[in-house]
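Have a look at the structure below before the remarks.
The values are calculated or read from the model by the stated rules, or taken from the named source; none is laboratory data. All of these numbers come straight from a predicted model, not from anything done at the bench. Here the Cβ is made from the backbone with ideal geometry for all residues, glycine too, and neighbour counts use every protein chain on show.
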Amino acid sequence: MFDYIIVGAGFAGSVMAERIARKCDKKVLIIERRNHIGGNCYDCKDENGILIHKYGPHLFHTSDKEVFSYLSDFTQWDEYHHKVLAFIDGKKVPIPFNFNTLYELFPHSLAERLEQKLLGRYGYNTKVPILELKQEDDEDLKFLAEFIYEKIFKNYTAKQWGMKPEEIDAAVTARVPVYIGRDDRYFTDRYQALPKSGYTKLFENMLQHPNIKLMLNTDFKEVLHFDKEGKKIHLFNQEFRGKLIFTGMIDELFDFEYGELPYRSLDLKFETKDVEQFQEAATVNYPNDYDFTRITEFKHIHPVKSKRTTILKEYPQPYRVGQNTPYYPIFTEENQKKYQKYFIYAKQFENLVLLGRLAEYRYYDMDDIVKRALEVFEEVFS
Ligand code: FAD
Ligand code: UDP
């Protein structure tokens, strides 16, 4: 009945389904545990008529023309440049740390000296990861690096990951580098925009095809069975010989055979405020205060007239199987080794393809996973 089965209707699963259905004219069954499509990018209107992102703020940005052009087949865009402030020493200042932040936090003469040092060392319009800046020998740059590390990265990372910045892969903190320049935007990619009618609508448009059947509210374990001896996959007790594209958790797929892969989860607390506007920017980070990491106000992202406003506070916590949602794979050497064991085991199933943030245990942004899915599609069909 089906040529392909896909577990998960996030970007990984939906791009694959769309390509297979349209380009190859093959039949696809998508199995999704939640009661909606879109994975963690799902958005919907709340009781105040404000479009909210149910699983945390999702801002689309990419420098990849192909990805942007592919998604443009399914949505129109509203240009949007995300801005973030951080609450530091009682002031809300621009993040990533840049020259504007420098002048807001330091006396003018000191800021000028530090600006000159940074320009001399790195040049204008460059980006420096904090862990790299911390390696500087120059006394002034050392002082600055220590300040940024202490005030912006140390406590935020402790809340978000339960670790020190040095204990996690350097690429994680490098996502928010120090900017040697005056660009206040959170991202500097060439294409920065939001789907005009929301992410969910974009997914609906992708999956609208007679070759695609969607089974919501279904855990893959209810319909699929993995024969570990024979290395075969069964759908409703019948051997399935087509390809299975799996975008869920790889450790769950194999019954935690090599132990659990750790993830960070979030307790996402939405609040309605009886004011038209709650804060100055879409997101305000709180590295050193409170137990949440950041507050996002959705009206800044999707402007709408309303006397009320909706905000979201993110409280990081460890992931516990069956109790909360695995949002972030934790990037350490030890976890990568464990992942490799699962990956090697999975290779024995000839018709299994692993794809996505959970199945590949990678910190993919939306554009990364769309790109990866398009590449995997080419690989599978070439
Ligand atoms: P997912 O979206 O997680 O989809 C996987 C799907 O598989 C889910 O729908 C899940 O329900 C389903 N599934 C899992 N297990 C099973 C099972 N057992 N049976 C059936 N179905 C199952 N990226 C950006 O580019 N910009 C941002 O601003 C941004 N902000 C983010 C904020 C947060 C808080 C988080 C957590 C992520 C953010 N991302 C952002 C990343 C973005 O969410 C991911 O890149 C994207 O969702 C990955 O898509 P995916 O299909 O791999 O995974
Ligand atoms: N980070 C930080 N302070 C900040 C912002 C980010 O320490 O104010 C660090 C933190 O470790 C975080 C990482 O940089 O997990 C990446 O931040 P990003 O905003 O990209 O995280 P995401 O939006 O994916 O949660």
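Odds and ends about this structure:
- Boolean, His36 is of a type outside the set (Val, Ile, Thr), in contact with a Cys (Cβ under 6 Å, 6 or more places away or on another chain) and surrounded by fewer than 22 Cβ atoms within 10 Å (Cβ to Cβ): no
- Apart from one condition, Tyr55 fits all of (1) over 22 Å from the mean Cα position of the chain (by Cα); (2) under 23 Å from Ile369 (Cβ atoms); the exception is (1).
- Ile30 meets each of the listed conditions (1) surrounded by 23 or more Cβ atoms within 10 Å (Cβ to Cβ); (2) more than 26 Å from Asn237 (Cβ to Cβ) apart from (2).
- Conditions (1) outside any strand (DSSP E or B); (2) within 16 Å of ligand 1 (Cβ to nearest atom): number failed by Asp78: (1)
- Of the helices (runs of 4 or more DSSP H) that lie entirely inside the stretch 95-144, those containing 2 or more residues that are more than 16 Å from ligand 2 (Cβ to nearest atom) and over 32 Å from the mean Cα position of the chain (by Cα) span 108-122.
- Annotation note: of Asp255, Asp267, the sole residue that is under 20 Å from the mean Cα position of the chain (by Cα) and of a type in the set (Asp, Glu) is Asp267.
- Looking across Pro165, Pro195, one residue alone is touching a Ser or Thr at 6+ places or on another chain (Cβ under 9 Å), within 16 Å of ligand 2 (Cβ to nearest atom) and either closer than 30 Å to Asp43 by Cα or modelled with pLDDT of 95 or more (or both). It is Pro165.
- Neighbours by Cβ (under 9 Å, 6+ apart or cross-chain): first from the stretch 143-157, within 20 Å of Tyr315 (Cα to Cα) and within 16 Å of ligand 1 (Cβ to nearest atom); second outside any helix (DSSP H, G or I) and charged (D, E, K, R): Tyr156/Arg294; Thr157/Lys164
- Any hit, the stretch 163-180, residues being of a type in the set (Gly, Ala, Ser), touching a residue at least 12 places away in the same chain (Cβ under 8 Å) and either crowded, with 18+ Cβ neighbours inside 10 Å or in contact with a strand residue (DSSP E or B) (Cβ under 8 Å, 6 or more places away or on another chain) (or both): no
- Tyr361 vs. criteria within 23 Å of Arg264 (Cβ to Cβ) and either in contact with a Cys (Cβ under 6 Å, 6 or more places away or on another chain) or part of a loop (DSSP other than H, G, I, E, B) (or both): yes
- A count restricted to the stretch 347-378 and to residues that are farther than 18 Å from Ser14 by Cβ and within 15 Å of ligand 1 (Cβ to nearest atom) stands at 3.
- Qualifying residue in the stretch 364-371 (condition: charged (D, E, K, R) and in a loop (DSSP other than H, G, I, E, B)): yes
- Exclusive hit being modelled with pLDDT of 95 or more, within 30 Å of Thr75 (Cβ to Cβ) and in contact with a strand residue (DSSP E or B) (Cβ under 7 Å, 6 or more places away or on another chain), set Met215, Met206: Met215
- Filter pass, Pro329 being crowded, with 18+ Cβ neighbours inside 10 Å and either under 28 Å from Ile20 (Cα atoms) or not aromatic (Phe, Trp, Tyr) (or both): yes
- Residues in the stretch 145-176 that are hydrophobic (A, V, I, L, M, F, W, C), under 17 Å from Leu102 (Cα atoms) and part of a helix (DSSP H, G or I): Ala145, Phe147, Ile148, Ile152, Phe153.
- Strands (runs of 3 or more DSSP E) within the stretch 250-301 that include 2 or more residues without any contact (Cβ under 8 Å) to a residue 24 or more places away in the chain and either on the phi > 0 side of the Ramachandran plot or surrounded by 19 or more Cβ atoms within 10 Å (Cβ to Cβ) (or both): 294-297
- Residue in the stretch 318-333 that is modelled with pLDDT under 95, over 30 Å from Asp184 (Cα atoms) and in a helix (DSSP H, G or I) present: yes
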